[in-house]
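Chemist: Quick one: this structure, given as structure tokens, is what I'll be asking you about.
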Amino acid sequence: MLGLIVARSKNNVIGKDGKIPWNIKGEQKQFKELTVNNTVIMGRKTYEDIGHPLPNRTNIVISRTTKYEGVITVDSIEKAIELASGNIYIIGGYNLFKAAIPMVDVMYITDINMVIENGDVFFPEFDESKFNITIGEETPEYTRKIYRRKQ
């Protein structure tokens, strides 16, 4: 299974000044539940923002310029997928999300109930009609949605 997991604001912001622009208790719980004991694939900037390999996961970083200790580093999404095992989750950033959307089986998107001013990284636009959408957990702060690709 090739999936994508992201949280985005009402205005599609996923990053501001190199960081996730919110800190909502419990919002990242699903991320951990889905990715532990599986493979996460991320871009160089996402890895550098995290600052270390995520524990109990196979970490693959896509970078053409830098090799990192403690993770697998490759230069393309295709090579990353080829080396991955278990369920595979694309976790950011923009360029990787944009490349992965046409390939993913499922997207776990958490819609954060806020507008972020001056965001500088956005989730790419995509054709929602290609997916069946299920509403998951809803709180005052966020709504989880699962987008499964139509067959």
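Chemist: How about segment 68-88: which of its residues are farther than 18 Å from Pro53 by Cβ and either acidic (Asp, Glu) or surrounded by fewer than 14 Cβ atoms within 10 Å (Cβ to Cβ) (or both)?
Modeler: Asp75, Ser76, Glu78, Glu82
Chemist: Of the residues Ile116, Ile112, Ile91, only one is surrounded by 19 or more Cβ atoms within 10 Å (Cβ to Cβ) and under 13 Å from the mean Cα position of the chain (by Cα); which?
Modeler: Result: Ile91 is the single residue among Ile116, Ile112, Ile91 that is surrounded by 19 or more Cβ atoms within 10 Å (Cβ to Cβ) and under 13 Å from the mean Cα position of the chain (by Cα).
Chemist: Same structure again: Could you look through segment 27-49, keep only residues that are over 25 Å from Glu78 (Cα atoms) and crowded, with 17+ Cβ neighbours inside 10 Å, and pick out the one that is modelled with the highest pLDDT?
Modeler: Checking each candidate, the answer is Gln30.
Chemist: Of the conditions (1) buried (at least 19 other Cβ atoms within 10 Å of the Cβ); (2) small (Gly, Ala, Ser); (3) without any contact (Cβ under 8 Å) to a residue 40 or more places away in the chain, Ala100 satisfies every one except a single condition; which number is it?
Modeler: Ala100 satisfies all of (1) buried (at least 19 other Cβ atoms within 10 Å of the Cβ); (2) small (Gly, Ala, Ser); (3) without any contact (Cβ under 8 Å) to a residue 40 or more places away in the chain except (3).
Chemist: Which of the residues spanning segment 39-97 are within 23 Å of Val121 (Cα to Cα), in contact (Cβ under 8 Å) with a residue 40 or more places away in the chain and among the polar types (S, T, N, Q)?
Modeler: Matches in segment 39-97: Thr46, Asn95.
Chemist: So, restricting to helices (runs of 4 or more DSSP H) that lie completely within segment 19-119, which ones have at least 3 residues that are charged (D, E, K, R) and more than 15 Å from Ile5 (Cα to Cα)?
Modeler: Where helices (runs of 4 or more DSSP H) fall fully within segment 19-119 and carry at least 3 residues being charged (D, E, K, R) and more than 15 Å from Ile5 (Cα to Cα), they are 44-50, 77-83.
Chemist: Go through (1) within 17 Å of the chain's Cα centre (by Cα); (2) in a loop (DSSP other than H, G, I, E, B); (3) more than 18 Å from Leu2 (Cα to Cα) and name the single condition Pro124 misses.
Modeler: (3)
Yes/no matrix, rows are residues, columns are (1) modelled with pLDDT under 95; (2) surrounded by fewer than 17 Cβ atoms within 10 Å (Cβ to Cβ):
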| site | (1), (2) |
| --- | --- |
| Asn11 | no, yes |
| Lys25 | yes, yes |
| Pro55 | no, yes |
| Thr66 | yes, yes |
| Tyr108 | no, no |
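Chemist: Just checking, how many residues over segment 119-148 are surrounded by 13 or more Cβ atoms within 10 Å (Cβ to Cβ), in contact with a Phe, Trp or Tyr (Cβ under 7 Å, 6 or more places away or on another chain) and hydrophobic (A, V, I, L, M, F, W, C)?
Modeler: Residues meeting the conditions: 5.
The values are calculated or read from the model by the stated rules, or taken from the named source; none is laboratory data. In this text the structure is predicted, and so the values were computed from the model without any measurement. Every residue, glycine among them, receives a Cβ derived from its backbone with ideal geometry; neighbour counts consider all protein chains shown.
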